[in-house]
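The values are calculated or read from the model by the stated rules, or taken from the named source; none is laboratory data. Computed from a prediction, not measured in an experiment: that's the story for all the values here. Counting neighbours? That spans all protein chains shown, and the Cβs are built from the backbone with ideal geometry, glycine included.
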Amino acid sequence: MTTLPVATRYAGDLAVRENGAGFREFVRRAMEAPFLSAEEEHALALRLQEGDDLEAAHQLVHAYLRLVIKTAREYLHYHVSLPDLVQEGTVGLMVAVRKFDPTRGNRLAAYAIWWIRAAMHDFILRSWRMVRIVTTQIKRQLFFKLRQSKASSALLNREEAEELALRFGTDPETILEVDGRMLRPDESLNQCTTEDGEEWIERIPDQRPDPERTLLSVEHQQRTHTLLQSGFKQLTPREQWIVSARFLEDEPPTLEVLAQALSLSRERVRQIEKRAMEKLRAFFQTTPAGQQWACDF
């Protein structure tokens with residue numbers, strides 16, 4: 001994609017911390033980049049759209065980095081790093097440049113701001129907690145709306161949640177859920193729950209299969225497979241085919257279907273099946289491992 005080579009021009013500067021000289025130099029150069037007129041922007045966007053011109057893409061991105069920096073400063077109250085926000089926003093800007101259609105008559109800034117904010121929102125949500133606090137689009141939107149609307153950092157009560165639910169077009173339960181996830185910190189599973197040092201993780205039942213039972217099950221399946229192979233050797237090819245179809249398929253065919261496939265009568269297929277099962281029963285009765293099967297045939 002075009003955005004990948006463009007991204008490498010900024011990777012070094014954006015990797016430094018906020019108080020680093022590299023980041024300050026990056027901001028200085030971004031703020032000093034010349035503004036593009038509507039005609040210049042249109043021409044560059046057409047070059048990128050029609051000729052995949054990397055230099056045109058670079059000029060468009062560089063001209064609008066100041067928009068990324070300005071937008072990033074709006075999210076500093078989320079206690080995330082400014083260089084990280086700028087880096088994520090720049091990625092959003094590069095996606096917007098790549099997707100921008102100059103023939104629609106809009107300016108790039110009006111289009112790119114949505115991609116820039118979306119990239120920053122995604123980064124904030126990923127960084128807010130070790131465990132994801134929102135999992136749906138409506139909860140993602142509520143996360144930012146609640147942060148802007150709440151007057152304090154206390155948990156909402158039911159009455160406040162109902163009022164906000166009416167404003168945001170959702171239900172109070174969803175409001176309370178997102179608010180609780182925002183304010184409650186992550187808790188470690190290694191946190192002690194009793195005086196004797198028992199941890200939370202020790203109280204969670206292990207849902208994994210028991211290794212001993214798993215091994216026994218595998219060995220049983222292997223013995224069963226070997227036994228069936230030996231039993232099938234006692235049958236003719238036609239008997240093997242009928243028994244396999246009738247007893248080993250997920251959706252076994254009817255006797256009528258098998259009769260049509262073999263050009264036989266339904267009764268004749270039933271007789272062949274019965275004779276084959278008698279052979280298998282007799283074979284299993286002669287082997288210790290197969291005696292428990294004999295009654296099923």
Problem set entry | Odd one out for THR236 among (1) at pLDDT 80 or above; (2) surrounded by 14 or more Cβ atoms within 10 Å (Cβ to Cβ) | (2)
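Quick one: which residue in LEU164, LEU264, LEU258 is outside the structural domain of HIS77 (by TED's automatic domain parsing) and either exposed (fewer than 15 other Cβ atoms within 10 Å of the Cβ) or at pLDDT below 85 (or both)?
After ruling out the rest, the residue left standing is LEU164.
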For this session: Tell me which residues, restricted to the stretch 34-54, are closer than 15 Å to ARG98 by Cβ and either loosely packed, with under 11 Cβ neighbours inside 10 Å or of a type in the set (S, T, N, Q) (or both).
Result: GLN49, GLU50, GLY51
Exercise. Any chance the stretch 94-108 includes a residue that's under 30 Å from VAL178 (Cα atoms) and out of contact with any Lys or Arg (no Cβ under 8 Å at 6 or more places or on another chain)?
Worked result: yes
Exercise. Does any residue of the stretch 255-270 turn out to be within 29 Å of THR286 (Cα to Cα) and of a type in the set (Asp, Glu)?
Worked result: no
Seminar exercise, completed: Those residues of the stretch 207-217 which are surrounded by 10 or more Cβ atoms within 10 Å (Cβ to Cβ) and not in a loop (DSSP other than H, G, I, E, B) amount to THR214, LEU215, LEU216, SER217
Exercise. Are any residues in the stretch 86-118 modelled with pLDDT under 90 and hydrophobic (A, V, I, L, M, F, W, C), and if so, which ones?
Worked result: ALA118
For this session: Go through the stretch 78-99 and count every residue that is surrounded by fewer than 21 Cβ atoms within 10 Å (Cβ to Cβ) and either closer than 16 Å to ALA43 by Cα or without any contact (Cβ under 8 Å) to a residue 60 or more places away in the chain (or both).
Result: 5
For this session: Please go through the stretch 97-116 and pick out each residue that is farther than 14 Å from ALA56 by Cβ and part of a helix (DSSP H, G or I).
Result: LYS99, THR103, ARG104, ALA109, ALA110, TYR111, ALA112, ILE113, TRP114, TRP115, ILE116
